[in-house]
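Inspection log for the structure reproduced underneath, given as structure tokens.
The values are calculated or read from the model by the stated rules, or taken from the named source; none is laboratory data. Source: prediction; values computed, not measured. Here Cβ is always computed from backbone atoms with ideal geometry, including for glycine, and neighbour counts include all displayed protein chains. For accessibility, only protein heavy atoms count, side chains too; no ligands or nucleic acids. Shrake-Rupley method; radii C 1.70, N 1.55, O 1.52, S 1.80 Å.
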Amino acid sequence: QVQLVESGGGLVQVGGSLQLSCAASGIILRITNVGWYRQDPGKQRELVATITGGGSTNYAGSVKGRFTISRDHAKNTVYLQMNSLKPEDTAVYYCNALWGGQNNWGQGTQVTVSS
């Protein structure tokens, strides 16, 4: 059974930092593509960052230079380091991984940036 569990969200002031974690079970994150997405109420879910099985990374233009996606093979966990946070980064952040031909999602973690 595939399970993705996000954690690390919270309330932070503008300019602050947070690190989100996506811990996986039933799936090997280092050999598949993993993405972080976010969704604000009333808006569509948007892609924030991805890391491929080969380790290549890609970022949305709005977070490039501020966010970093990384992976810990031993912990089977993918991270999203978020620096220089802005109010527009406020959203629920979700982890996604393709496995067994299906898109698998975590339950999400709330990030709120106050100004």
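Quick rundown of the values:
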item	result
Contacts under 7 angstrom Cβ, first residue in segment 53-82 being over 22 Å from residue 27 (Cα atoms) and free of Cβ contacts under 8 Å to residues at least 60 places away in the same chain, partner assigned to a loop (DSSP other than H, G, I, E, B) and not aliphatic (A, V, I, L, M), 6 or more apart	66/83; 66/84
Positions within segment 89-115 being crowded, with 16+ Cβ neighbours inside 10 Å and either modelled with pLDDT under 95 or aliphatic (A, V, I, L, M) (or both), in sequence order	91, 92, 97, 99, 111, 113
Enumeration of residues in segment 15-30 that are open to solvent by 80 Å² or more (accessible area, probe 1.4 Å) and not in a helix (DSSP H, G or I)	19
Matching residues in segment 55-75 - criterion: being hydrophobic (A, V, I, L, M, F, W, C) and more than 19 Å from residue 93 (Cα to Cα)	74
Residues located in segment 59-88, provided they are surrounded by 14 or more Cβ atoms within 10 Å (Cβ to Cβ) and in a strand (DSSP E or B)	59, 67, 68, 69, 70, 71, 77, 78, 79, 80, 81, 82
Hey, residue 11 at negative phi, open to solvent by 60 Å² or more (accessible area, probe 1.4 Å) and outside any loop (DSSP other than H, G, I, E, B) or not	yes
Any hit, segment 31-50, residues being open to solvent by less than 30 Å² (accessible area, probe 1.4 Å), over 13 Å from residue 95 (Cα atoms) and modelled with pLDDT of 95 or more	no
